[in-house]
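For reference, the structure is listed below as C-alpha cells.
The values are calculated or read from the model by the stated rules, or taken from the named source; none is laboratory data. On a predicted model such as this, the values are computed, not experimentally measured, just so you know. Cβ atoms come from the backbone with ideal geometry, glycine included; neighbour counts cover every protein chain shown. Heads up: the accessible areas ignore ligands, DNA and RNA and are worked out on the full protein's heavy atoms, side chains in. Shrake-Rupley method; radii C 1.70, N 1.55, O 1.52, S 1.80 Å.
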Amino acid sequence: MATLRVLKGTRDYLPEFQILRERVRDTIVRAFHRYGYSPLETPILNLFEILASKYAGGAEILKETYKLNDQGERELALRYDLTIPFARVVGMYQPHQIQLPFKRYEIGRVFRDGPIKAGRFREFTQCDADVVGIADVAVEAEFLALASEVFNELGMKAEARVGHRKLLGAILTEAGLPESGHAAAILSIDKLEKIGREGVETELAGQGLSKDQCAALFKRLDTQGSNEELLEFYRGELQSESAQKALDDVQQVMEYLRAFGVEGFMRFVPSLARGLEIYTGTVFEYFMPGSEITSSIGAGGRYDRIIGQFLHGDNPKKAEAYPAVGMSFGLDVMTEALRLQLQAEGGETYTEKSTVVQVLIAPMVPVEKVLPVAGALRRAGVSVDVAYTAKRLKKALDLANRLGIPYVAIIGEDELEAGTIALKDMAQGQQESLTVEKIVEKLADQERS
C-alpha cells in the first residue's frame with residue numbers, strides 16, 4: 001500500500017493556514033479592484049511551443065518547466081508564470097475584444113521544477129497584475145503604492161527595493177562587459193544573496209571580467225546612502241545617455257510616490273537584478289526585513305518589448321506598440337511571512353484560527369427548533385455552525401474551545417419562549433441574553449473595530 005504523503009515542494013493547506021491565506025488573497029483582490037484591474041483567468045495547461053518561445057521567459061526558466069505529452073503526442077507544459085499567458089491573450093483578443101491600455105489581474109497556480117527552500121515551492125499561487133499600453137513610469141509608482149496598501153492593511157512590515165535594468169546595464173558596460181554579456185552577468189548578480197560576492201565574482205570572471213573590473217563593478221554596486229544620495233552619486237559616476245535616462249525614471253517614480261504619500265516604502269537598490277531577461281526598465285521586489293523568509297514575497301517591473309516581440313517577432317515598430325508593466329505577489333510565501341510575523345508578535349498567546357465559524361449553536365431542545373435561528377443568523381451574514389453531535393452543553397463548549405469559535409449560542413425552552421439567545425463569549429467567559437438582531441449588531445461592531 002502506498003505511503004500517504006505529498007510531493008516535496010507541494011503542500012496541503014489545512015484550515016489553520018488557509019484561513020490566513022484567504023485573508024491575504026482577499027486583501028490583494030480588493031487592492032487590485034481599487035486600482036482598476038479587472039479579473040482574467042487562463043489555462044494552467046499550455047502548448048510548450050508558446051511557453052518556450054525565444055521571446056518568452058528565456059532559457060533559464062525553461063529548465064524549471066514541467067513538460068508532458070497528451071494522447072495526440074502534442075508537447076504541452078504547465079505554466080511557469082502568468083505573464084506569458086497574458087501576452088497570448090493580448091495577441092488573441094486585441095483590438096476587437098480588449099482595447100489598450102488594458103489592465104488585468106489573475107490569481108492562479110503556477111509550476112516550477114526548481115530548488116526548494118523555506119517559502120519556495122514547486123507548485124504555488126501567483127497574484128499578478130499587469131497593464132499594457134502605458135509608457136509613463138506612473139504605472140510603476142502605482143504598483144508600488146498598491147503594494148504598500150496591501151502590506152499596510154495586512155500589518156506586514158515590508159519594503160520595496162527598486163532598481164533599473166538600464167542602469168545596471170550601464171554599470172556593467174563601464175566595468176568593461178559588452179552588452180552581449182549583460183544577460184548572463186545579471187543572472188549572476190541576481191544570485192548575490194545565494195552564493196555571496198565571491199561566488200558571483202567567480203561567475204563573472206568566467207564571463208570575461210578581470211579581478212580589477214569586478215572590484216570596480218562592486219565598488220559601484222556596494223555604494224550605500226539614501227535614495228537621493230544614490231541618485232546623485234550615480235549621476236556623477238555614469239555619463240551615458242542610457243544611465244541618465246534610467247536615473248530620470250527612478251527619480252520620477254520617487255516623485256510619483258511622494259504624491260501618493262508612500263515614498264518611505266521605496267528603497268533604491270541599483271544592484272537589484274531580477275533574473276528574467278524580459279525586463280527593460282524599472283524593476284522592484286518586496287521583502288520582509290528581519291523575517292525568516294529571506295526570499296522576495298512579490299516582484300515586478302517594466303517589460304516593454306516582450307509582448308510585441310512575442311506577437312510580432314523582431315519587428316521593432318510593432319514591439320514598441322506594447323509598453324507593459326507587471327507585478328506579482330507570491331500568495332504562499334506572503335502568507336507564511338505574515339504567519340511568522342504574527343507568531344513572533346503574539347508569542348505564547350498567538351493562536352491560529354482553525355475555523356471560520358463565529359457562532360456555534362448549542363441546542364438544549366430538539367434540533368429542528370433551533371434551525372430557524374441558525375437560518376436567521378446566516379441570512380444576516382453570520383458564520384454559524386450547529387453542534388448536532390453535542391448532546392450536552394459541556395460538549396458544545398469543549399468543541400468551541402477546541403476549534404477557537406468565539407461565541408456559543410445556547411438555546412433552550414426558556415430562550416425559545418422569550419425570543420432570545422444566551423450568547424456566551426468564550427474568551428471572556430461572560431454570557432448575556434440577546435435577540436438575533438442584537439447578536440448581528442454586536443458582531444458587526446466587532447468587525448468594524
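The table for this structure:
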{"read-out": "Helix axis angle, 83-93 relative to the chain longest principal axis, alpha carbon, degrees", "value": "90"}
{"read-out": "Alpha carbon centroid spacing (whole Å) that separates the stretch 351-395 from the stretch 416-436", "value": "12"}
{"read-out": "Cβ-derived FRET efficiency at R0 41 Å, Asn152 paired with Gln99, nearest 0.05", "value": "0.80"}
{"read-out": "Rounded accessible area per residue of the chain, 1.4 Å, Å²", "value": "50"}
{"read-out": "Farthest positive-ward along the chain dipole, Cα basis, beta-carbon charges - from Ala135, Gln431, Thr280", "value": "Gln431"}
{"read-out": "Heavy-atom accessible surface of the chain: percent carbon and sulfur, 1.4 Å", "value": "50"}
{"read-out": "Whole-Å distance, taken between Cα centres, linking the stretch 154-168 and the stretch 70-129", "value": "23"}
{"read-out": "Unit charges at the beta carbon, dipole of the chain: most positive-side option, Met364, Val24, Gln213", "value": "Met364"}
{"read-out": "Beta bridges by DSSP in the chain, antiparallel share as percent, to the nearest 5", "value": "80"}
{"read-out": "Virtual spin-label span in nm between Lys194 and Lys394, 7 Å along Cα→Cβ", "value": "5.8"}
{"read-out": "Value of relative contact order over the chain, rounded to a whole percent, pairs C-alpha under 8 Å and six or more apart", "value": "16"}
{"read-out": "Taking the C-alpha atoms of the stretch 9-90, convex hull volume expressed per residue in Å³", "value": "145"}
{"read-out": "Extension gain from Glu203 to His312, taking 0.36 nm per residue of separation minus the Cα-Cα distance", "value": "35.8 nm"}
{"read-out": "J(HN,Hα) series, the stretch 72-80, from Karplus relation 6.51 cos²θ - 1.76 cosθ + 1.60, nearest Hz, glycine and proline x", "value": "x, 6, 7, 7, 10, 7, 7, 4, 9"}
{"read-out": "Distance between modelled label sites at Thr223 and Ile44, nm, 7 Å Cα→Cβ extension", "value": "4.7"}
{"read-out": "GNM flexibility winner over the chain from Arg378, Arg220, Arg161 (Cα, springs under 10 Å)", "value": "Arg378"}
{"read-out": "Förster radius 41 Å - calculated FRET efficiency between Glu232 and Ala59, Cβ distance, rounded to 0.05", "value": "0.65"}
{"read-out": "Under 13 Å, Cβ to Cβ, from Asp385 - net charge with Lys/Arg +1 and Asp/Glu -1", "value": "+2"}
{"read-out": "Net charge of Cβ neighbours under 10 Å - reference Phe218; Lys, Arg +1; Asp, Glu -1", "value": "+1"}
{"read-out": "Loop chymotrypsin sites (Phe, Trp or Tyr not before Pro), the stretch 328-394, which have at most 13 other Cβ atoms in a 10 Å radius of their Cβ (DSSP)", "value": "Tyr350, Tyr388"}
{"read-out": "Segments 391-399, 6-14 sorted - mean Cβ within 10 Å per residue, highest first", "value": "391-399, 6-14"}
{"read-out": "Zone of Glu432's modelled label, taken as backbone nitrogen in the stretch 400-418 under 16 Å from a point 7 Å along Cα→Cβ", "value": "407-410"}
{"read-out": "Top positive-direction residue, dipole computed over the stretch 54-131 with Cβ charges, set Met92, Tyr66, Val110", "value": "Val110"}
{"read-out": "Of the trypsin sites (Lys or Arg not before Pro) in the stretch 14-66, those whose Cβ has at most 12 other Cβ within 10 Å and which sit in DSSP loop", "value": "Lys54, Lys63"}
{"read-out": "Potential extension, Glu73-Glu320 segment - 0.36 nm per residue separation minus Cα distance", "value": "85.3 nm"}
{"read-out": "The stretch 239-305: equivalent-ellipsoid semi-axes (sqrt of 5 x gyration tensor eigenvalues, Cα, Å)", "value": "22, 17, 11"}
{"read-out": "Estimated inter-spin distance, Asp445 and Ser180, nm [label 7 Å along Cα→Cβ]", "value": "7.5"}
{"read-out": "Projected-area mean, the stretch 395-449, by convex hull of Cα positions, square nanometres", "value": "4.1"}
{"read-out": "Among Glu64, Glu413, Glu228, residue whose mean-square fluctuation peaks in a GNM of the chain (springs only between Cα atoms under 10 Å)", "value": "Glu413"}
{"read-out": "Degrees, to the nearest 10: 192-206 long Cα axis against longest axis of the chain", "value": "20"}
{"read-out": "Highest-fluctuation residue, Ile410, Ile307, Ile19 considered, GNM on the chain with Cα pairs under 10 Å", "value": "Ile410"}
{"read-out": "Extension reserve of the Glu16-Val365 stretch, reckoned as 0.36 nm per residue once the Cα distance is removed", "value": "122.4 nm"}
{"read-out": "All Cα pairs of the chain, percent lying beyond 32 Å", "value": "50"}
{"read-out": "Calculated FRET value between Leu4 and Tyr66, using beta carbons and R₀ = 25 Å, to 0.05", "value": "0.60"}
{"read-out": "Ordering of 35-43, 277-285, 104-112, 316-324 by packing [mean C-beta count within 10 Å, highest first]", "value": "277-285, 104-112, 316-324, 35-43"}
{"read-out": "Global geometry of the stretch 131-173, whether rounded, prolate or oblate, following the gyration tensor of its Cα atoms and the 1.5 cut on a/c", "value": "oblate"}
